[in-house]
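Colleague: Quick one: the structure is below, questions incoming.
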Amino acid sequence: MLSLEYIAGFFDGEGCVIIAQSGNRFWLVVSLTQRKREILEMIQKQFGGYLDCVGISRLRFSCEQAAQFLKAIQPFVIVKKKEIALALKFQACKGNRVRANSENYKQTLSALKKAS
């Protein structure tokens, strides 16, 4: 079992927070990418998620599962702390989202990524 501190550091280096969109639908996605899948398999055993091993290995979480993963590692993340805070705020208002609000979250997250 990997420590939350280790997973947070791994996420800081190899992880990504996305607000995905299809038409008027927006949802939270967290992705971790690694050439060798062993670490991703260990994280998957702890948190679930979907592991895709075609080419580069990628572990993905979406919606509430993504939020639960981020909440668990949030205290230990250094680099992507603001991205996680925004993502959790976005997910918390899922029942009250309107398109304009969701687009604003998506644009703000994109700006945070460019700033770091």
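No lab work stands behind these numbers, since they all come straight from the coordinates. Here the structure is a predicted model, which is why all the values come from computation and not from measurement. Virtual Cβ from ideal backbone geometry, glycine too; neighbours counted across all protein chains shown.
Colleague: What is the magnitude of the charge dipole of the chain about its Cα centre, with +1 placed on the Cβ of each Lys and Arg, -1 on the Cβ of each Asp and Glu, and no other charges, expressed in debye to the nearest 20?
Modeller: Value, rounded to 20: 360 debye.
Colleague: Rounded to the nearest 500, what is the chain's calculated 222 nm mean residue ellipticity when only DSSP H runs of at least 4 contribute -39500 (n - 2.57) each, over all residues?
Modeller: -16500 deg cm²/dmol
Colleague: Additional query: Considering only the other residues whose Cβ falls under 14 Å of the Cβ of LEU59, what net charge follows from Lys and Arg at +1 and Asp and Glu at -1?
Modeller: Once positives and negatives cancel, what remains is +2.
Colleague: Related question: If I compute volume of the Cα convex hull per residue in Å³ from the structure I just sent, which labelled value in (i) 100; (ii) 140; (iii) 110 lines up?
Modeller: Only one listed value fits the structure, namely (i).
Colleague: With θ taken as phi - 60° and the coefficients 6.51, -1.76 and 1.60, list the Karplus ³J(HN,Hα) couplings across region 61-78 in order, rounded to whole Hz; mark glycine and proline as x.
Modeller: Karplus values, whole Hz, x for Gly and Pro: 10, 9, 6, 5, 5, 5, 5, 5, 4, 5, 4, 5, 9, 3, x, 10, 6, 10.
Colleague: Show me, for region 41-46, the HN-Hα J-couplings you get by feeding each phi into the Karplus relation (A = 6.51, B = -1.76, C = 1.60, θ = phi - 60°), rounded to Hz, glycine and proline as x.
Modeller: Computed from phi, the couplings for region 41-46 are 5, 5, 5, 4, 4, 7 Hz.
Colleague: Taking loop as defined by DSSP and a crowding limit of 15 other beta carbons within 10 Å, which trypsin sites (Lys or Arg not before Pro) in region 8-37 fit?
Modeller: Passing both the DSSP loop test and the Cβ count: ARG35, LYS36.
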